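The values are calculated or read from the model by the stated rules, or taken from the named source; none is laboratory data. Quick caveat, the model's predicted, so the values are computed rather than measured. Every residue, glycine among them, receives a Cβ derived from its backbone with ideal geometry; neighbour counts consider all protein chains shown.
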């Protein structure tokens, strides 16, 4: 367990400034990737991190059981992100494809590599847009399974559902993602 998590159990306001900064930076580092995956917006991610950090430092000293504090911290941050996304429907990922520099001296092999890179960039961008169209529950379950690489049992316990219900939820999430992605991919080719 990360050492800084033990400091959350004490009164944060009584710690020295350098310890407070260390705790915040460690907290941010631990949850940034998770929250950014959900929001796809840096500014929103920073807002969620700050809000969830305030919740954590307020409630952590009152916790009776500190065994799963890391999981609890991540859950608080994720729930805060969901709250932000529900309240602020205006937060949508706006993509900006990178421009590919044209060079007169490309060989056919380099052109193929550039073409593949551009296609991969576009495919990834369309996948992120399709992910953003999913409802938060589908996005969360895909995140837990594919990004955090949690087992069915772990995800089912965290979401407080049966493994069969989770399997059905994952199937629906994959189908919906495929539907949104394939629509975007076909529209892109036209």
Residue that is nearest to residue 23 (Cα to Cα), among those in region 57-78 that are crowded, with 20+ Cβ neighbours inside 10 Å and within 19 Å of the chain's Cα centre (by Cα): 73
When region 129-160 is examined, which residues are found to be free of Cβ contacts under 8 Å to residues at least 12 places away in the same chain, surrounded by 15 or more Cβ atoms within 10 Å (Cβ to Cβ) and not in a helix (DSSP H, G or I)? 150
What do you reckon, is residue 10 at pLDDT below 80 and either under 23 Å from residue 138 (Cβ atoms) or surrounded by fewer than 16 Cβ atoms within 10 Å (Cβ to Cβ) (or both)? yes
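Conditions (1) part of a helix (DSSP H, G or I); (2) at pLDDT below 65, marked per residue:
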position: 26; (1), (2): yes, no
position: 37; (1), (2): yes, no
position: 67; (1), (2): no, no
position: 74; (1), (2): yes, no
position: 100; (1), (2): no, yes
Filter region 39-65 down to residues that are free of Cβ contacts under 8 Å to residues at least 40 places away in the same chain and assigned to a helix (DSSP H, G or I), then give me how many there are. 16
Just for region 161-190: of the residues that are exposed (fewer than 14 other Cβ atoms within 10 Å of the Cβ) and outside any helix (DSSP H, G or I), which one is modelled with the lowest pLDDT? 190
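For residue 126, indicate whether it is assigned to a helix (DSSP H, G or I), within 20 Å of the chain's Cα centre (by Cα) and at pLDDT below 85.
In short, yes.
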